[in-house]
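What follows is a set of notes on a single structure, which appears directly below.
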């Protein structure tokens with residue numbers, strides 16, 4: 001047992017609690033004022049600390065706030081190349097471009113297959129260059145293929161060997177696409193054509209929806225525009241109303257064949273091109289022969305595609321082209 005100090009034992013609880021009453025009013029005022037000043041000082045210090053911390057977390061921008069992202073109802077930044085409806089084009093992505101012989105104002109070529117020298121030579125001839133890459137599918141021959149993770153991959157693309165649908169919600173996938181857009185900017189492309197953004201209309205194996213496609217195209221538009229690149233919407237007719245204000249043109253395949261050209265008419269109404277291609281020879285015939293006159297007329301004179309920039313190509317997108325409205329052909333080599 002511990003011994004209790006005798007002096008402490010003599011002080012009753014009532015006596016110990018009465019010390020405050022015995023203090024003078026002046027002493028109480030001094031102590032109260034001191035405590036109030038301490039509390040105020042602590043509060044001010046805490047507020048300053050939180051303000052500094054908050055400022056450090058904010059992205060740089062006007063008044064310390066991050067610039068707002070482009071939205072589906074936003075406007076396209078000034079300085080972005082904006083072609084008008086009726087602009088002529090050529091589509092050649094199978095191999096690196098050789099001779100720039102097709103009389104087209106815009107050349108749509110493969111981002112990976114063509115170096116900056118090729119792109120410069122096309123631009124030196126007075127043409128604009130779109131750089132094609134697949135933003136929605138994994139391709140097992142691309143140089144950055146090993147950067148994709150297993151969780152990024154969905155089902156195979158039917159009819160396209162070596163390709164799988166990509167999870168476009170994945171941060172890793174989006175990082176890879178940012179790097180591809182960096183490449184397009186470094187090669188001085190005028191715009192980009194990101195393919196396969198319509199996973200919602202296919203058995204993608206990832207549960208991707210139209211809402212996911214809209215979000216992904218908005219992401220691509222923000223990233224492309226920040227690099228001074230214009231952006232195409234590739235096919236994906238269902239989301240045209242949601243994204244038409246943030247893309248500069250449509251790249252459209254086979255709307256006459258599949259009877260859905262009406263989905264892309266809003267581009268023409270907005271004086272934006274629909275770069276339109278049909279493949280009447282089918283999947284397996286790729287040669288330099290003209291299609292029959294009646295077949296050409298059914299494509300080039302179609303009222304469903306009025307105002308579209310229509311060309312006829314081989315399915316493999318080599319250098320053969322039969323442009324509308326004439327049946328003149330051009331060969332790159």
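The values are calculated or read from the model by the stated rules, or taken from the named source; none is laboratory data. These figures come from a predicted structure and were not determined experimentally. Quick reminder, even Gly has a Cβ in these numbers, built from the backbone with ideal geometry, and neighbours come from all protein chains shown.
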Checklist line | Flag for residue 158 being surrounded by fewer than 16 Cβ atoms within 10 Å (Cβ to Cβ) and at pLDDT 95 or above | finding: yes
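Considering only segment 138-218, give the strands (runs of 3 or more DSSP E) lying wholly within it that have at least 1 residues that are closer than 30 Å to residue 282 by Cα, in contact (Cβ under 8 Å) with a residue 60 or more places away in the chain and touching a strand residue (DSSP E or B) at 6+ places or on another chain (Cβ under 8 Å). Reasoning before the result, please.
Working: elements: 153-156, 163-166, 191-195.
Correct list: 191-195.
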